[in-house]
Amino acid sequence: MRGAVGLKSRDMRTLSLLGVALLCLFAMPAATDDDHQHPSNACVGQYKDWTQIGQVCAKYFNTPRSFADAESACRQAASGGHLVSVHDEQTNADVLAIVLKYNPSSPRIWLGGQRFGQSSTFVWTDGSSWNFWKWVAGQPSNSGNHENCVEMNWTNLGEWNDDWCIKQKPFICAFQWQHERGD
């Protein structure tokens, strides 16, 4: 039996790769019965091309639209649909993952946040609480007093910026997931 000193570099690479594979295997969560019914985080029924993020189903739309037109498209795409609202770091990361899956080369999107009137307060189009934000340093700036809508991935991936609502961007729609919708 050879000691570690006697191993060839090819043998060491094999052991290293085996170690990485074992670490990945043990780091994976155990499958549950639910995983077999729905092998991914896809929503079900007519929304199987949407992704479940917490309690919402979300979908990326690559057709650039103004903020108002994107919100209108979301309302038409699903009952209770709106531009996506983000309430925690995990949801922000999930939204970013969806964007990078479908459009990694041009990741700027509309989120469902907009300035309330001419104030410095922001609200979500779905009416939920504005209880989380991830602004790029120095934002929101309301440059030219026209930046009233919230985009993601302007200069830093996963961070937000205020921008002119008339600009055309891809977007993510979401609606509250109710299990009776699809099963």
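Values quoted throughout were computed directly from the atomic coordinates according to the rules given, and no laboratory measurement underlies them. Just so you know, these numbers come straight off a predicted model, no measurement behind them. Methodologically, a virtual Cβ is constructed for each residue, glycine included, from the backbone with ideal geometry; neighbour enumeration extends over all protein chains shown.
Residue by residue, the range 57-71 carries 3J(HN,Hα) couplings of 9, 10, 9, 7, 10, 8, 7, x, 9, 5, 4, 4, 5, 5, 4 Hz when phi is fed to the Karplus relation 6.51 cos²θ - 1.76 cosθ + 1.60 (θ = phi - 60°); x denotes Gly or Pro.
Past the 21 angstrom mark, what percentage of all C-alpha to C-alpha distances in the range 29-154 do you count?
Details: 3420 of 7875 pairs.
It works out to 43 percent of all Cα pairs.
Among the listed pairs 101/134; 48/167; 59/134; 59/169, which are separated by more than 19 Å between their Cα atoms? Could the numbers behind the result be given before it?
On the way: 101/134 21 Å; 48/167 30 Å; 59/134 21 Å; 59/169 14 Å.
Where the Cα-Cα span goes over 19 Å, the pairs concerned are 101/134; 48/167; 59/134.
Mean separation of Cα pairs under 8 Å and 6 or more residues apart, divided by the residue count, gives the range 42-132 a relative contact order of 23 percent.
Using a Förster radius of 45 Å, what is the FRET efficiency between residue 145 and residue 103 based on their Cβ-Cβ separation? Nearest 0.05, please. It comes to 0.90.
Going through the range 125-176, which chymotrypsin sites (Phe, Trp or Tyr not before Pro) have at most 10 other Cβ atoms within 10 Å and a DSSP loop state?
On the way: sites: 130, 132, 133, 135, 154, 160, 164, 171, 175; in loops: 130, 132, 133, 154.
Taking the range 125-176 and a limit of 10 other Cβ atoms within 10 Å, no loop chymotrypsin sites (Phe, Trp or Tyr not before Pro) are found.
Working note: Karplus 6.51/-1.76/1.60 with θ = phi - 60° gives the range 163-174 the couplings 8, 5, 5, 7, 5, 9, 9, x, 7, 10, 9, 8 Hz, where Gly and Pro are set to x. Close amide H contacts of residue 169 (hydrogens built in the peptide plane, cut-off under 5 Å, sequence separation of 5 or more or a different chain): 65, 66.
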